[in-house]
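A quick write-up on the structure given underneath.
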Amino acid sequence: MRRLCLIMVFCVAVLSFLPCKLIADNGEIGSSPWTVREAVRYALHHNPDAAAALERIKAADADIKLARAAFYPQISVVTEYSRTNNPMYSFGNILNQGMFTNAIDFNDPGTTDSLQAKTMIQYRIYNGGHDQAALKAADEQGRSAEFDRAAVRNRLEFEVVRAFCTIVQAEESVKARQSALQAIDASLAVARARFEEGALLREDMLNLEVQQARSTEQSIQARHGLQLAQRGFLHLLGRTGEEEAINPAAWQEQEIPAERPFRNRPELASMAAIVKALEARIKQAESGYWPTADLFGSYQAEKGLELDGSGSSWVTGIRMQYTLFNGGQAAAATERAMAQLRAAKEEERKMELACNLEMEQAALAVRQEEERIKVTGKMVDAATESARLARLRFKEGVLLASDLIDTENRLTEAQLSHSQAGSARRIAIADLRRAAGLGQFAQRN
């Protein structure tokens, strides 16, 4: 038992130091740092846009249930008590309650009351296809809401990946600025020693001090940029508070899609569903040209308290109604629906062009960043060697401070350019997957 307890204590201690973040199926988190997959999964559960899209789907489902309600009969129950001395109503109460006698004066039957319980049923058997068209439109609106949610998730995944890469780039920028500052500090220490020996002009030492201040300022700006990137990352996750660590080492290179069927974008599918819904709305408006037919029936039980009589009755029938003139209401509704359909088709065409352009731009961006990585990699190698030689020459007193500063600046800019190219390539690949209507990762929760 003692050995078993020691093993359990050891396992708990090891697990407590693991740098992974556990994400449950409901999106809840464990410890940090974040990986990009975990961040995407968490955002899909907690970002307000994702939650709002889910609620819109629920609203669309309710609209479908509302449209289906028209296919069911309407049943109602009414209870009413009244008292009157109106001759017509009073005589009707006497007849309904079975209290008629020849002694009743038709012109003055007296005061009567009535306690009624009535059950009514009505079922519309025809209305020109209005209800079928309404249900079709509601179904398509529901499909549109589903595709809208997929579009929100697709966009949100990309934004999380971009924010993650932005943090990585910002951290590398901070490192580059700090490295540049350390190099200037070392060169300034050498310059001060040479100045005390009388081997360096005061102007050169002042130039290095100015460069040190500039490098310090740039380092501060880089740290501020990192903090802003971290705040944006937390905003996408639907979280607040202090910045949290990420784990860029866990990054897995995303696959560049070989096939890019931008027509599978959820935005286009949503727009296509809206077009179908508007086509159904036209049929719904055209139903105003047709008559309506209803079946109806009722059963009534009545009790008189003053005459102490009672009775019951029932009514059934069929009702057909046709509107001969309504001021052109049906024509106006139809024309309005047709205009909305034409506008939606133009919006669909515009969206197709925009999606195609996004695809082409994303593909070009990927190729551009791949070329930039190659060029900037060579720049870093050359600038690193040049800076090494410049520092040696400055230490030996054969290089001016201004030349050393230029060399250090070129090295820093080359490092930043290479870092930016790497992050930009990852972002471009993520954007290409978004433009192709693909998720950032194979599985979505």
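All of the numbers you see were taken from the coordinates with simple rules; none came from a lab. Values in this document were obtained by computation on a predicted structure and should not be read as measured data. Virtual Cβ from ideal backbone geometry, glycine too; neighbours counted across all protein chains shown.
With the charge dipole of region 385-445 set up from +1 on Lys and Arg Cβ and -1 on Asp and Glu Cβ about the Cα centre, the Cα lying farthest toward the positive end among the listed residues SER419, ALA390, GLY439 is that of GLY439.
Close Lys pairs in the chain (alpha-carbon distance under 22 Å; sequence gap of 8 or more, or different chains): 14.
Largest GNM mean-square fluctuation among LEU66, LEU278, LEU201, using the chain with Cα springs under 10 Å: LEU201. Assuming charge only on the beta carbon of Lys and Arg (+1) and of Asp and Glu (-1), the dipole of region 275-382 about its Cα centre is about 300 debye to the nearest 20.
Contact order, relative form, for region 41-186: 35 percent (alpha carbon pairs under 8 Å, 6 or more residues apart, mean separation divided by residue count).
Antiparallel as a % of all DSSP beta bridges within the chain, to the nearest 5? Could the numbers behind the result be given before it?
Values: 35 of 36 bridges.
Roughly 95 percent of the beta bridges in the chain run antiparallel, per DSSP.
Highest GNM mean-square fluctuation, the chain, Cα pairs closer than 10 Å: which of GLY128, GLY110, GLY397? Of the options given, GLY110 has the highest mean-square fluctuation.
Please tell me the relative contact order of the chain in percent, rounded to the nearest whole number, where contacts are Cα pairs under 8 Å and at least six residues apart.
Details: 618 pairs, mean separation 104.5, N = 445.
Answer for the chain is 23 percent.
For region 33-116, applying the loop criterion from DSSP together with a ceiling of 14 other beta carbons within 10 Å to the chymotrypsin sites (Phe, Trp or Tyr not before Pro) yields PHE100, PHE106. Taking Cα centre as origin and charging only the Cβ of basic (Lys, Arg, +1) and acidic (Asp, Glu, -1) residues, the dipole magnitude of the chain rounds to 1020 debye.
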